[in-house]
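Data block below; observations after.
The values are calculated or read from the model by the stated rules, or taken from the named source; none is laboratory data. Values in this document were obtained by computation on a predicted structure and should not be read as measured data. Neighbour counts are summed over all protein chains in view; Cβ atoms, including those assigned to glycine, are modelled from backbone coordinates with ideal geometry.
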Amino acid sequence: MEEFYGAYNKRAKCWMGVVGGEKLCMRPHLLSSVVVDGDPIHFVAMAGYVPGPDGGRADCHACGGKLGLVILKETGSRLALVARNDLSTDVGSWGSVPPEEAFRVVAFGKGNHGWLMEFFYTGQGYTEGGVGVFGAIGDKIVDLGFISTHSDNAGTCGDGLGMCYRYSYEILSDPAASDSRFGDLIARKLESSKPDAPDTIRVPFSQQELKYQMPPALEAALGK
């Protein structure tokens, strides 16, 4: 934490430093480890915020937290940096990054792992959700796209307000299906107000845009 953000601040209970011209208050969020070709690889997520004048975090629905992502590899008794993001990516709401249980490290393809981050947003009775995908290209961890997975109108339906609907999928990886570093992801149905909604939908990776692309079939399955 000190290497990336500076010294620990006992009063704020976080590692505090300046990244990209912004003063950040950051803490460890989630550590996940996998073994690739016999070598342990560590996927580190760090979360925090830009302190306001009172030292607190932003208090608005559209205000995101700050996310740092780092991949480290064991080299003897030391850890070597494999890749990192800008250490201050804006994600989440109410000044916070989504909780640690919203993050998963999965295998995208052959010898290549990255993060899936679930995020939900509710406004005027409607809830939309999806998965942000983050992974390494070279020595940089980048945004690999956002896949919508959930839609419902639970806060504005029933009792004479109209029909309720709920569509929900989960994103899974299928690394054995391809020899490439970025194979297809799979959207698997959890529940749907559409009886004929497909059980699974493949989510392709675009080599041109270097992102996972939202397939039209999944858009339709979510009622869009």
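Structure notes:
- In the range 54-91, the residues that are among the small types (Gly, Ala, Ser), farther than 18 Å from Cys25 by Cβ and out of contact with any strand residue (DSSP E or B) (no Cβ under 7 Å at 6 or more places or on another chain): Gly76, Ser77
- Just one of the listed residues (Gly155, Gly162) is modelled with pLDDT under 95 and assigned to a loop (DSSP other than H, G, I, E, B), and it is Gly162.
- Subset tally (residues that are within 24 Å of Val105 (Cα to Cα), exposed (fewer than 14 other Cβ atoms within 10 Å of the Cβ) and not basic (Lys, Arg)) for the range 134-180: 5
- Residue within the range 23-43 that is on the phi > 0 side of the Ramachandran plot, of a type in the set (D, E, K, R) and not assigned by TED's automatic domain parsing to the domain that holds Phe120 present: yes
- Residue in the range 82-93 that is touching a Pro at 6+ places or on another chain (Cβ under 6 Å), among the hydroxyl-bearing types (Ser, Thr, Tyr), within 29 Å of Leu190 (Cα to Cα) and not assigned by TED's automatic domain parsing to the domain that holds Ala154 present: no
- Strands (runs of 3 or more DSSP E) (entirely within the range 51-139) containing at least 3 residues that are more than 22 Å from Phe4 (Cβ to Cβ) and in contact with a Phe, Trp or Tyr (Cβ under 6 Å, 6 or more places away or on another chain): 126-137
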